[in-house]
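First up is the structure itself, then whatever we jot down about it.
The values are calculated or read from the model by the stated rules, or taken from the named source; none is laboratory data. Bear in mind that the values here come from a model prediction, so they are computed numbers and not experimental data. When we count neighbours, we look across all protein chains shown, and the Cβ atoms used for this are built from the backbone with ideal geometry, even at glycine. Protein only, heavy atoms only, side chains kept; ligands, DNA and RNA dropped before computing areas. Shrake-Rupley method; radii C 1.70, N 1.55, O 1.52, S 1.80 Å.
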Amino acid sequence: GRAGLQIDYDLTSADSGVAVLLHNGALALQQLAVVEKNSGKPLIDLPELAVDGIGVDVEGQTVNVAALTSRNAAIQAWLQADGTVNYQALFGEDAAAATAGSAQTGAGAAAAAESGKPWSVRLGELALHDYQVHFTDFSQAKPAEFKLSELNCKLQNFSSDLAGKVPVQFSTRLNQTGSLAFNGDMLLQPF
């Protein structure tokens with residue numbers, strides 16, 4: 001895939017060290033593909049993903065994103081007979097190694113964790129357009145297949161503090177024979 005990143009930044013000296021502010025950020029991913037090593041089978045085909053209005057205050061531990069939009073993605077997933085999802089095997093070993101490595105070298109992350117203050121993340125809008133998801137459950141005697149097509153999803157005003165209502169619009173076709181749609185507000189805590 002290809003990636004492009006543009007961001008403005010301010011670095012200032014503060015009592016606690018260097019204060020870092022990132023603002024007016026934009027990230028664009030194009031033609032991103034995740035392929036299974038052994039088979040060469042494409043698991044994720046993501047033609048377009050854009051993240052706009054990125055702002056990060058490292059000292060204040062806040063991340064704000066105005067919008068995340070994506071179009072025309074195709075996702076292949078399956079549940080193995082042993083109950084594991086194919087992505088667990090794909091990322092599991094690398095993630096474990098990364099965690100072990102970051103435990104030894106992640107002093108900055110440890111300092112943030114010691115402060116006890118959680119990071120605050122806010123997302124103004126998430127919009128997924130025309131996604132395709134193919135999921136197969138091999139844990140059943142007869143494998144069950146689910147094909148979601150024409151999947152569209154829009155979330156607004158998400159916050160990591162899970163407070164307040166989150167407006168949601170969702171629609172998809174299921175196995176080319178049925179459809180599912182909902183439009184309303186969702187409470188995340190309590191769900």
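Considering each residue of the range 131-152, count those that are within 21 Å of the chain's Cα centre (by Cα) and open to solvent by less than 70 Å² (accessible area, probe 1.4 Å), and give that number.
8
Looking at (1) open to solvent by less than 90 Å² (accessible area, probe 1.4 Å); (2) within 19 Å of the chain's Cα centre (by Cα); (3) not small (Gly, Ala, Ser), find the lone condition where Trp119 falls short.
Every condition holds for Trp119 apart from (1).
Using the structure shown, decide if Ala33 is within 20 Å of the chain's Cα centre (by Cα) and either on the phi > 0 side of the Ramachandran plot or surrounded by fewer than 14 Cβ atoms within 10 Å (Cβ to Cβ) (or both). So that I can check it myself, show each step before the final result.
On the way: within 20 Å of the chain's Cα centre (by Cα): yes; either on the phi > 0 side of the Ramachandran plot or surrounded by fewer than 14 Cβ atoms within 10 Å (Cβ to Cβ) (or both): yes.
Criteria met by Ala33.
Filter the range 153-184 for residues that are surrounded by fewer than 11 Cβ atoms within 10 Å (Cβ to Cβ) and free of Cβ contacts under 8 Å to residues at least 24 places away in the same chain and give the result. Even if it seems obvious, please write down each step before you answer.
If we filter the range 153-184 for residues that are surrounded by fewer than 11 Cβ atoms within 10 Å (Cβ to Cβ), which is where we start, we get 163, 175-178, 181-184.
Correct list: Thr177, Gly178, Ala181, Phe182, Asn183, Gly184.
Could you tell me which of the residues Glu93, Glu125 is surrounded by 10 or more Cβ atoms within 10 Å (Cβ to Cβ) and at pLDDT 95 or above? Outline the logic, then answer.
On the way: Glu93 fails: at pLDDT 95 or above.
After applying the criteria, what remains is Glu125.
If I go through the range 36-72 residue by residue, how many of them are open to solvent by less than 30 Å² (accessible area, probe 1.4 Å) and part of a loop (DSSP other than H, G, I, E, B)?
Summing the residues that are open to solvent by less than 30 Å² (accessible area, probe 1.4 Å) and part of a loop (DSSP other than H, G, I, E, B) in the range 36-72 gives 2.
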